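Below is one structure, written out as structure tokens; comments come after it.
Derivation of every value follows stated rules applied to the coordinates shown; laboratory data play no part. These figures come from a predicted structure and were not determined experimentally. Heads up, the Cβs are rebuilt from the backbone with ideal geometry, glycines too, and the neighbour counts pull from every protein chain shown.
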Amino acid sequence: MFGGNDFMNAFRLRWNQALGRETFASPPAPVTLREQLTHFGLKKQSARSVATRGPAAAPATPSGTICASAAENDRIANWRCVAFMLAASTAVEKHAKSRHNCPTDAPVRPYFIQTSSPDSCDPAVDLRAGISSPEARIPAWYLYDEIGSRLFDVITVLPDYYPTRTEAAIFARHLPEMAKVTDLENGSLIDLGAGSCDKAPGLFPFVKPRQYVPVDISVEHLRATVTRLQREHQDVEMIGVGTDFSNNLVIPGQVRTERRLFFYPGSSIGNFTPSEANSFLQQVRSQMRKDGALWIGIDLVKDHTTLERAYDDVLGVTAAFNLNMLLNVNRIAGTNFEPAHWQHRALFNADDSRIEMLLEAKAKTVVRWPDGERSFSAGERIHTENSYKYTPDSFRALLEQAGLRTIGMWTDERQWFAFFAAVLA
Ligand code: TRP
């Protein structure tokens, strides 16, 4: 759900695009809906009539930002947001028409769309339950606060963390052939977990997409980069989508259904359990249609030392990444974790073929929060993340189970990482 400032910013962005400007000296942000509308010379009436029609009216807007949260208690605020954006869209289009004296049926680009999956859980309650459980765990997404996201960017360039570099080498060598085998020119390139969009634009010269659709949990992560990319690639229509696709892959109606190429690099599928991976792949399959394809990066099983080093690097960045999570949890769950009392561990579990990321208590320690506590004995561990490793055969089989057929696989000389291309079976 957008707060007031988010949608004001979205509106400013559109306004600037319509005027062909890049910057906008913003006056103090108006607070109420009335203030927001009068600020831009809009009538409250028009917004109201849209608001009474409810969220169903939202997709009707030809361009601009829509927020569509399903959470019940956000609904009223959401309608206001949609109403405001619709009214704002109309005003911007009118203004652009009169200014350029020409029809503006060409959409203002890029689009941004945030869809939130219904999430009734209170994160604090959820977190405290995970910490209290006999096998304590903290869900992996709490790794990625502001510090965690920066540390992860550093991890990807560490000498010990080979996946990112190895994947890039596979692209550098095999992209022309990958594009030829897949043959999806002029389609939609759907970049799952795009973040700072640093991989997919490198595919443009080979894949030649008509649409580029970066997907990330928050549309705000995409806004600045996609706006810049759109300027650099004016012939590619860009649609930034904010959605949590780990549970439910929602591809908005603006994305063309023909020739979809799903791009899922970084071995991120390794962070799902095999059964979660299976349901994720089935969702991709159902969104792919007959003529689509999936390109997916997989970290392969290799000697355990190399694997463990990648997740416990000599510079201690991954340790900091894992420990930082405790500070994030303290903020969200009101706990009093002391990172100095914990130690990062990354162990390869050969039976399950996965690296397990753990936080281990250095000595007996008690963690407290407003209405509870959990005592940890020395050496007791909290499980924070898994990273499953596959063999070429085991991953091919996983694709098959989800109704996908491998049409190509490219790997590096040491066979440390693989990129698969798959289509409907
Ligand atoms: N997708 C990455 C991977 O499994 C995530 C990752 C890298 C990670 N290093 C980490 C997650 C350390 C937790 C801790 O390779």
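Among the trypsin sites (Lys or Arg not before Pro) in the range 334-425, those located in a DSSP loop and surrounded by at most 15 other Cβ atoms within 10 Å of their own Cβ are LYS362, LYS364, ARG414.
The relative contact order of the range 140-271 comes to 26 percent, based on Cα pairs under 8 Å that sit 6 or more residues apart. The peptide list 237-249, 170-182, put in order of mean Cβ contacts within 10 Å with the highest first, becomes 237-249, 170-182.
Converting phi to 3J(HN,Hα) with the Karplus coefficients 6.51, -1.76 and 1.60 and the offset θ = phi - 60°, the range 205-212 yields x, 9, 7, 6, x, 8, 10, 10 Hz in sequence order, with x at every glycine or proline. Here the range 138-218 is treated as an ellipsoid with the same Cα gyration tensor; its semi-axes, largest first and in whole Å, are 27, 17, 9. Other residues with beta-carbon under 9 Å from the beta-carbon of VAL366 carry, at +1 per Lys or Arg and -1 per Asp or Glu, a net charge of +2. Around the amide H of ASP291, modelled in the peptide plane, lie the amide H atoms of ARG259, all under 5 Å away and 5 or more residues distant in sequence or on another chain. What net charge is computed for the residues neighbouring ALA346, neighbours being all others with C-beta under 13 Å from the C-beta of ALA346, Lys and Arg scored +1, Asp and Glu -1? Net local charge, ALA346 excluded: -2. Along the range 414-425 the Karplus relation, 6.51 cos²θ - 1.76 cosθ + 1.60 evaluated at θ = phi - 60°, assigns HN-Hα couplings of 8, 6, 8, 8, 9, 10, 9, 10, 9, 10, 4, 5 Hz to successive residues, with x for each Gly and Pro. Using only side-chain charges placed at the Cβ, +1 for Lys and Arg and -1 for Asp and Glu, the dipole size of the range 324-394 relative to its Cα centre rounds to 260 debye. Neighbour counts of C-beta atoms inside 10 Å place CYS197, CYS121 in the sequence CYS121, CYS197, starting with the fewest. The protection proxy used here, the mean number of other Cβ atoms lying within 10 Å of each residue, ranks peptides 150-163, 203-216 as follows, highest first: 203-216, 150-163.
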